[in-house]
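The values are calculated or read from the model by the stated rules, or taken from the named source; none is laboratory data. None of the values given here were measured: they were computed from a predicted structure. We place every Cβ from the backbone using ideal geometry, glycine too, and count neighbours over all the protein chains shown.
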Amino acid sequence: MGSSEGTPSTAAGSGISTNTCWAPAESAHHFVLVHGIGHGSWCWYRIRTLLESSGHRVSCVDLASAGVDRTDANTLESFGEYNRPLIDLMASLPENEQVVVVGHSAGGLSVTEASHKFPNKIRVAVYLAATMLRLGFCTDRDVLDSLNHQLLQIIINIVLVQGTPDLSSYGENAYELGFGKGTNNPPTSAKVATHLLREVVYNTSPPEDCTLAAMLLKPGPIMALQSARFDDDHEAAEGVERVYIKTMQDNVVKPEQQDAMIKRWPPSKVYALDCDHSPFFSSPFLLSGLLLNIAAAAAAAAAGSSN
């Protein structure tokens with residue numbers, strides 16, 4: 001499929017990058033883009049360029065251990081530490097500003113935590129082939145429920161139980177693992193093996209972007225991701241509009257796994273892109289256009305409710 005794009009369909013801290021070249025407009029939106037495990041703010045370079053060229057403001061975040069952040073992924077044990085750069089960015093925003101937060105892959109966990117902590121600062125939360133669980137990684141209640149619910153079994157046992165997507169069909173060496181606490185203990189970090197990147201993560205992306213990613217990807221802190229838990233007493237978070245963008249040729253979080261999360265915690269809208277797990281590379285024009293449409297619709301809805 002290469003770099004060609006299909007048509008989107010509707011189915012139902014120090015890591016903060018602040019250099020922007022945007023031209024403010026009356027209808028300008030502020031997008032906050034959050035990468036997934038192993039990636040960094042660099043993965044949004046095409047999307048950022050397109051959005052800023054359209055007159056919008058874009059902030060990209062390097063979560064702890066990602067991108068230019070020098071934290072060792074093997075030392076991160078709490079999700080709060082990992083997600084601190086996004087939380088710091090959200091805290092720095094004016095109280096009357098609302099942003100469009102976009103989380104890719106495991107970045108969905110980051111978006112959900114931000115929704116719990118700053119519900120009034122988020123106009124719409126967009127989950128891009130992302131982990132979308134209401135209370136975080138997986139709660140004790142979820143584990144118990146999964147014994148009787150096949151749907152949740154799909155989510156927990158296939159997608160999330162080890163902190164990384166299940167790539168066992170690609171062999172025993174699908175991940176390069178780090179053992180910061182010694183080989184007698186569970187792994188503390190993980191990265192998709194370089195020889196599988198093209199086949200698994202960037203299967204419809206341009207080869208040059210796959211090469212770029214292979215040079216820049218870093219191990220992700222799976223201990224921190226496994227610790228993600230969000231309180232159930234933040235009712236305001238339920239008031240944050242959520243939109244899910246499915247990726248139909250995804251070999252990382254497969255479409256049926258995305259469907260399971262959507263069914264478990266239904267968003268207001270679901271869109272689909274006919275691409276791999278990395279639409280910021282494989283479908284940049286469609287993705288940026290879709291994000292603009294989502295932002296415009298959310299802004300119109302907010303304006304209508306205030307009248």
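What to note about this one:
- Residue ID - modelled with the lowest pLDDT, chosen from residues in region 1-40 that are touching a helix residue (DSSP H, G or I) at 6+ places or on another chain (Cβ under 6 Å) and of a type in the set (A, V, I, L, M): 16
- Looking only at residues in region 146-189 that are loosely packed, with under 15 Cβ neighbours inside 10 Å and small (Gly, Ala, Ser), the one that is modelled with the lowest pLDDT is 168.
- Of the helices (runs of 4 or more DSSP H) lying entirely inside region 226-307, the ones with 3 or more residues being surrounded by fewer than 19 Cβ atoms within 10 Å (Cβ to Cβ) are found at 255-264, 284-306.
- Every residue from region 69-110 that is among the small types (Gly, Ala, Ser), within 20 Å of the chain's Cα centre (by Cα) and outside any strand (DSSP E or B): 73, 78, 80, 91, 105, 106, 107, 108, 110
- Total residues in region 191-225, condition outside any helix (DSSP H, G or I), among the small types (Gly, Ala, Ser) and surrounded by fewer than 22 Cβ atoms within 10 Å (Cβ to Cβ): 1
- Hey, residue 43 at pLDDT 95 or above, assigned to a helix (DSSP H, G or I) and not β-branched (Val, Ile, Thr) or not: yes
- Criterion (in contact with a Phe, Trp or Tyr (Cβ under 8 Å, 6 or more places away or on another chain) and surrounded by fewer than 20 Cβ atoms within 10 Å (Cβ to Cβ)) met by exactly one of 113, 97, 52: 52
- Positions within region 24-82 being closer than 21 Å to residue 177 by Cβ and among the β-branched types (Val, Ile, Thr), in sequence order: 37, 71, 75
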